[in-house]
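Below is one structure, written out as structure tokens; the observations come after it.
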Amino acid sequence: MAKILSFIKHRAFLLVSLAIMLLSFTVTLPTGEMIVNLEWNGLCMILIMSLALTGLFKEKALYPLKLTADIFEHTAALLLFLAAASYILSMFITSLAASIFLIPLSIAMLEKKERDNLIPGTAALIAISANAGGMILPSGSMQNMLLNRALPEGSSFIMTMLPFALLAIPVILLMIPAILGRKISERVYIHGFEEEEIGTKGMRMMYICLILVAIISSFGLFRWQDILIFTIAILVVFDRKVFLKTDYTLFLSMFFLSIAGSALSPLLGHNALAESIAVSEILGSSAGAAITLPAASNAIDVLIGSNIGSFGTLASPAAFIALMTLIRRGRKEAGIFTLYYTASSILIIIVSLLLLTV
């Protein structure tokens, strides 16, 4: 029973996705054509990114970032560095992966510097920055990988999402003095991340290259079948164990939700922008994209809607990771995080909606 409960706890999103897919069959029964017509380009990129990120973390390729962060003595500078790192990293390794790495790192650093009171606000800062930076490139989030090749011909992914990502920067900068309060100029002098084994240099480079290949492929320069075969062949030769260590939850969840979206398409599509925002607020941005895409007449509406919807509620991957981490530390910290995150998200959503009306 304990193992079953543990599985449910750690695979809740997968089980919810499966349940949504099964319920969608009450609207439309599944067919072979439905499976063939899924957005396999995006699903393939999600699978490749999952494999590459597993190897990247296994080889501790991001450890130099930990050493760099440890240099900062000025508290405001440290928070600015963490926000910038989250914003930039999320463009390339997804907002989810950036949060998985940076939130535990920030907690370890602030504990080392005896500034535990800053942990909830810093976690919110990282989550907001990850969501914002993850808008810019197709590799920035699961929904972006799913949606990029579905955009109308001639549409620019970057130019579509860049204004929204830039509008979030002032809110991110305002969060730093809000978190620090009167201690905005405080300095801390405690250092001490010890050197540790950072994996095999050649393997780290291989996984970094696979990440780059996935990013380039997401722009449609290669067929997804070719890049998938190439990735599998490389991993079979050099690191077969990564197939067993990879968590396929996100890929399977997006697969289930994509099928659900196809089945539910007769009920959707009247306002793809509003629908994708609504679903994203309830189930998360990746779910918003997967469910509303099949019925949408314009994938740009789904792209914008699901990314705006990544803010707001705690269902977005970056916010959910932060919340689960802080819940384990205590309800008080989780509550403070929720206040910081929600207030900042409301500001970003308001500004984003104003931009859409201009």
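Computed from the coordinates by the stated procedures, all read-outs in this text should not be read as laboratory data. As the structure is a computational prediction, the values presented were derived from the model and not from experiment. All Cβ positions, glycine included, derive from the backbone under ideal geometry; neighbour counts span all protein chains shown.
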What residues from the range 111-135 fall in the zone where the backbone N is under 15 Å from a label point 7 Å along the Cα-to-C-beta line of Ile88? 130, 133-134
Share of alpha-carbon pairs per 10 Å distance bin for the range 307-357, given as whole %: 26, 49, 20, 5, 0
Over the chain: Kirkwood hydrodynamic radius from C-alpha pairwise inverse distances, Å: 20.8
So what's the projected area for the range 28-109, the Cα convex hull averaged over all directions, in nm²? 7.5
Please express the shape of the range 84-172 as an equivalent ellipsoid: the semi-axes are the square roots of 5 times the eigenvalues of the C-alpha gyration tensor, given largest first in whole angstrom. 29, 13, 7
Per-residue HN-Hα couplings for the range 87-97, Karplus 6.51 cos²θ - 1.76 cosθ + 1.60 at θ = phi - 60°, whole Hz, x for Gly and Pro? 4, 6, 4, 4, 4, 10, 10, 6, 4, 5, 5
Could you order the peptides 65-71, 297-303, 152-158 from most to least packed, using the average number of other C-beta atoms within 10 Å per residue? 297-303, 65-71, 152-158
Taking Cα atoms of the range 1-140, Rg/Rh with Kirkwood Rh, to two decimals? 1.08
If a/c stays under 1.5 just call it rounded; otherwise compare a/b with b/c (prolate if a/b is bigger, oblate if not). Do that for the range 185-336, with a ≥ b ≥ c from the square roots of the Cα gyration tensor eigenvalues. oblate
Please list the non-local residues whose amide H lies under 5 Å from the amide H of Glu39, H modeled 1.01 Å from N, same-chain partners needing a gap of 5 or more. none
Span from the the range 199-238 Cα centroid across to the the range 71-141 one, whole angstrom: 26
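Seen from all sides and averaged, what is the projected area of the convex hull of the Cα atoms in the range 232-311, in nm²?
Values: hull surface 25.7 nm².
Dividing the Cα hull surface by four gives the mean projection, 6.4 nm².
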In whole Hz, the Karplus estimates of ³J(HN,Hα) for the range 284-294 (6.51, -1.76, 1.60; θ = phi - 60°; x where Gly or Pro) are x, 5, 5, 5, x, 5, 5, 7, 8, 4, x
Residues meeting the amide H criterion for His74 (H placed from the backbone, H to H distance under 5 Å, 5 or more places apart or on another chain) are Val188
Principal axes first, then extents: for the Cα atoms of the range 145-184, list largest minus smallest coordinate on each axis, whole Å, largest first. 51, 17, 7
Nearest-ten-degree value, helix 201-217 long axis tilted from longest Cα axis of the chain: 50
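Would you mind working out the magnitude of the charge dipole of the chain relative to its Cα centre, with +1 at each Lys and Arg C-beta and -1 at each Asp and Glu C-beta, to the nearest 20 Debye?
Values: 23 positive and 21 negative charges, 145 e Å.
Result for the chain is approximately 700 debye, rounded to the nearest 20.
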Residues in the range 268-305 reached by a label modelled at Glu153 [backbone nitrogen below 16 Å; 7 Å Cα→Cβ]: 299
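For Glu111 and Ile229, compute 0.36 nm times the residue count separating them, minus their Cα-Cα distance, and round to one decimal in nm. Don't jump to the answer; show the numbers that get you there.
Working: separation 118, 0.36 × 118 = 42.48 nm, distance 4.40 nm.
Gain in length upon complete extension: 38.1 nm.
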Assign one of three labels to the range 256-358, namely rounded, prolate or oblate, based on the Cα gyration tensor with a ≥ b ≥ c the square roots of its eigenvalues; rounded applies when a/c is under 1.5, prolate when it is not and a/b is larger than b/c, and oblate otherwise. oblate
